[in-house]
Amino acid sequence: SSRAVVTLGGMRQFDTPNISDSMSKISDKLVMRALESSDHEKGFLPLLAQLTKAPEIPREKWNDIFNRMRNSGSYFTVVVENIEERRIVATATLLTEHKFLRGGGLAGHIEDVVVDASLRGKNVGAKLMAALQDIGKKLGCYKVILDCSEDNVKFYERCGFQKKEVQMAIYFPENAKL
């Protein structure tokens, strides 16, 4: 049985058509596409571990998280796969937020951006950012924002972002999974 998927602006999250054809092929062996359930076996979590704590999780839990994200209608996770190695080498996620501001506008938030250490400085991250900006624009977002370390400011400025405001955070260790 097929499950209905919530859509935004006529587009379904996790569907490859969200990425322009001109952006999907990065090189002969690198292809950008939407996250798939099978990416669990293609090194998605070890890639995220290059960014922060991302321990291996059982396939059943992966499926649960994947399905919740897919069915929410608010997550657009893009990956870059090395098709020769069948390995995920870059990823980033655009989350959308409905606002009462701006006449009920939609804001995009970019999260969990990571490019494998072996590919940094080779324009893969910039192509990921361009794809997420394109998706955000097509969805009708009036802005797309992200938080980053000071070390990454210049990279994001080259991708068209402007330094603005200040990020604040509070962590609840009792709720941390790790």
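The values are calculated or read from the model by the stated rules, or taken from the named source; none is laboratory data. All of these numbers come straight from a predicted model, not from anything done at the bench. Note: ideal-geometry Cβ built from the backbone for every residue, glycine included; neighbour counts use all protein chains shown. When the accessible area is computed, the model is the full protein with side chains, heavy atoms only, and any ligands, DNA or RNA have been set aside. Shrake-Rupley method; radii C 1.70, N 1.55, O 1.52, S 1.80 Å.
With respect to (1) buried (at least 17 other Cβ atoms within 10 Å of the Cβ); (2) under 21 Å from ILE65 (Cβ atoms), the lone exception for VAL144 is condition (2).
In the set ARG102, ARG87, which member is exposed (fewer than 14 other Cβ atoms within 10 Å of the Cβ) and more than 13 Å from the chain's Cα centre (by Cα)? Lay out the reasoning, then the answer.
On the way: ARG87 fails: exposed (fewer than 14 other Cβ atoms within 10 Å of the Cβ).
Being exposed (fewer than 14 other Cβ atoms within 10 Å of the Cβ) and more than 13 Å from the chain's Cα centre (by Cα) holds for just one of ARG102, ARG87, which is ARG102.
Within the bounds of segment 14-22, is there any residue that is under 22 Å from GLY136 (Cβ atoms), part of a strand (DSSP E or B), under 15 Å from the mean Cα position of the chain (by Cα) and modelled with pLDDT under 95? For segment 14-22, residues under 22 Å from GLY136 (Cβ atoms), part of a strand (DSSP E or B), under 15 Å from the mean Cα position of the chain (by Cα) and modelled with pLDDT under 95: absent. When segment 25-49 is filtered for residues that are open to solvent by 80 Å² or more (accessible area, probe 1.4 Å) and modelled with pLDDT of 95 or more, the ones remaining, listed by number, are LYS29, GLU41. Residues in segment 75-84 that are open to solvent by 10 Å² or more (accessible area, probe 1.4 Å) and either of a type in the set (Phe, Trp, Tyr) or at pLDDT below 95 (or both): TYR75 only.
From the list LYS61, LYS127, LYS122, LYS138, the lone residue that is within 18 Å of GLY160 (Cα to Cα), among the basic types (Lys, Arg) and either without any contact (Cβ under 8 Å) to a residue 24 or more places away in the chain or open to solvent by less than 50 Å² (accessible area, probe 1.4 Å) (or both) is LYS122. When segment 76-100 is filtered for residues that are assigned to a loop (DSSP other than H, G, I, E, B) and on the phi < 0 side of the Ramachandran plot, the ones remaining, listed by number, are ILE83, GLU84, GLU85, LYS99, PHE100.
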